[in-house]
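Let me begin by presenting the structure, written as structure tokens, before commenting on it.
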Amino acid sequence: MTRYLVRRVLALIALLFAVLVVTFVIFFSLQSNPALKSCGRVCSPERLKAVEHKFGLDKSQPEQFVIYLKGFVEGRDFGEGDAVRRCPAPCLGYSFKSDVPVLTLIESDFPVTLSIAVGAAVLWLLMGVVTGVISALRAGTRVDRSIVGISTATLSLPTQLVGYLLLLLFCVKGGVAFPHYVRIADSPWGWFTNLLLPWITLAIIYSAVYTRLTRSQMMESMQEDFIRTARGKGLSERKVTYKHGARAALPPLIVIFGLDLGGLLGGAFVTERIFGMPGLGNLAVKSIVDLDLPVILGVTIFGAFFILVANLVADIAYALTDPKVVLQ
């Protein structure tokens, strides 16, 4: 197991480095000069050169990348002399538009994204697994056909449609106040009630995949030899189904769940925009509109990091449920 973990961690580091290289080259190889966004409305050539020097944009791209990498480990200085500012590690630079550290912007908005992603993930996992198991155990019946039909229909629904329909139904027609983010430390109940609609929106979209996957995995596992052996030993049908059948169906769900959750932790772009939640997705959209490259780069790397970490956690969980994976 230790060797397996070491291999997975080394692979994560290599992939993260690859993400850093690719995103940096893409974002800082644009034809437009990034320093223009911080130069102000009246931008003289002298002022532009000063801004380029302040952010290190007057150096070659390889030099800029090396400085950027060092900023992650050691931090870096911006400016020089009395105007120097220290950006502590892990340094993602300063916003060209607001001159605020990118990490500060991410730390401010990440709790919103985390609240949306984790709450929705718990909800869609429960909905998907429960309906999938019921559908598998009632295969061929009206219940099964109804569940499969509903999940097929919801798979084709865009997030915008589901979100706006929920707003129309509950807020416009039902008189419920439009959701806004409330910190859990300020009001746990307000935090919960204001996030219900975003959670339900994502759960409806994502749970359909888990319903169909759980159903197929359960139906396949219930036909395996070890299930017949368990029944032959006289175990109850409940224990055979949930202890043996459901456990065998878990590994594929774990992998997909880790990827979905990791992707949402990088920003639920559409959902945050629909419900006006100031999360990482909303921050990314605003930074793209403003062409604020350090923020775009920071959010992209932050999102990629969570996807890779979630994938690592999913691989570990997969190995714990299926020890044969460690031997591969």
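Restricted to the stretch 98-109, and to residues there that are in contact with a helix residue (DSSP H, G or I) (Cβ under 6 Å, 6 or more places away or on another chain) and either of a type in the set (D, E, K, R) or within 23 Å of ASP260 (Cα to Cα) (or both), the residue that is surrounded by the fewest Cβ atoms within 10 Å (Cβ to Cβ) is ILE106.
Note on the stretch 267-318: among residues that are over 13 Å from the mean Cα position of the chain (by Cα) and of a type in the set (Phe, Trp, Tyr), the one that is surrounded by the most Cβ atoms within 10 Å (Cβ to Cβ) is PHE275. Any residue in the stretch 137-144 that is assigned to a loop (DSSP other than H, G, I, E, B), within 30 Å of ALA249 (Cα to Cα), charged (D, E, K, R) and assigned by TED's automatic domain parsing to the domain that holds ARG247? There is at least one residue in the stretch 137-144 that is assigned to a loop (DSSP other than H, G, I, E, B), within 30 Å of ALA249 (Cα to Cα), charged (D, E, K, R) and assigned by TED's automatic domain parsing to the domain that holds ARG247.
Restricting the stretch 191-245 to residues that are β-branched (Val, Ile, Thr) and surrounded by fewer than 15 Cβ atoms within 10 Å (Cβ to Cβ), which is nearest to the chain's Cα centre (by Cα)? Only one residue tops the list, namely THR193. With farther than 20 Å from VAL130 by Cα and of a type in the set (Asp, Glu) as the only criterion, which of ASP225, ASP260 stands out? Among ASP225, ASP260, only ASP225 is farther than 20 Å from VAL130 by Cα and of a type in the set (Asp, Glu). All told, THR113 meets the bar of being closer than 30 Å to LEU250 by Cβ and touching a residue at least 40 places away in the same chain (Cβ under 8 Å).
Comparison of ALA139, ALA120 shows that the only residue that is within 28 Å of ALA268 (Cα to Cα) and touching a residue at least 60 places away in the same chain (Cβ under 8 Å) is ALA120.
A residue that is assigned to a helix (DSSP H, G or I), over 27 Å from LEU16 (Cβ atoms) and out of contact with any strand residue (DSSP E or B) (no Cβ under 6 Å at 6 or more places or on another chain) can be found somewhere in the stretch 68-82.
Over 30 Å from ALA310 (Cα atoms), crowded, with 16+ Cβ neighbours inside 10 Å and aliphatic (A, V, I, L, M): does that describe VAL84? Give the derivation first.
Numbers: over 30 Å from ALA310 (Cα atoms): yes; crowded, with 16+ Cβ neighbours inside 10 Å: no; aliphatic (A, V, I, L, M): yes.
No: the conditions fail for VAL84.
Would you please name the residue that is farthest from MET218 (Cα to Cα), looking only at residues in the stretch 123-136 that are in contact (Cβ under 8 Å) with a residue 12 or more places away in the chain and surrounded by fewer than 21 Cβ atoms within 10 Å (Cβ to Cβ)? If we take residues in the stretch 123-136 being in contact (Cβ under 8 Å) with a residue 12 or more places away in the chain and surrounded by fewer than 21 Cβ atoms within 10 Å (Cβ to Cβ), then LEU123 is farthest from MET218 (Cα to Cα). One residue stands out in the stretch 29-53 among those that are modelled with pLDDT under 70 and among the charged types (D, E, K, R): the one that is nearest to LEU297 (Cα to Cα), namely LYS37. Residue pairs whose Cβ atoms lie under 6 Å apart, separated by 6 or more positions or on different chains, with the first residue in the stretch 58-77 and more than 14 Å from LEU92 (Cβ to Cβ) and the second in a helix (DSSP H, G or I) and modelled with pLDDT of 80 or more, do not occur.
Going through the stretch 277-300 one residue at a time, which ones are under 17 Å from LEU114 (Cβ atoms) and either touching a residue at least 40 places away in the same chain (Cβ under 8 Å) or not in a helix (DSSP H, G or I) (or both)? Within the stretch 277-300, MET277, PRO278, GLY279, LEU280, GLY281, ASN282, LEU283, GLY298, VAL299 qualify.
As a summary of the residue check, LEU259 satisfies the conditions (1) part of a helix (DSSP H, G or I); (2) over 18 Å from the mean Cα position of the chain (by Cα); (3) surrounded by fewer than 16 Cβ atoms within 10 Å (Cβ to Cβ) except for the one numbered (2). Within the stretch 142-160, if we keep just the residues that are touching a helix residue (DSSP H, G or I) at 6+ places or on another chain (Cβ under 6 Å) and over 13 Å from THR271 (Cβ atoms), the residue that is surrounded by the fewest Cβ atoms within 10 Å (Cβ to Cβ) turns out to be LEU155.
The values are calculated or read from the model by the stated rules, or taken from the named source; none is laboratory data. The structure displayed is predicted, hence computed values, not measured ones. Every residue, glycine as well, gets a Cβ built from its backbone with ideal geometry; the counts of neighbours run over all protein chains shown.
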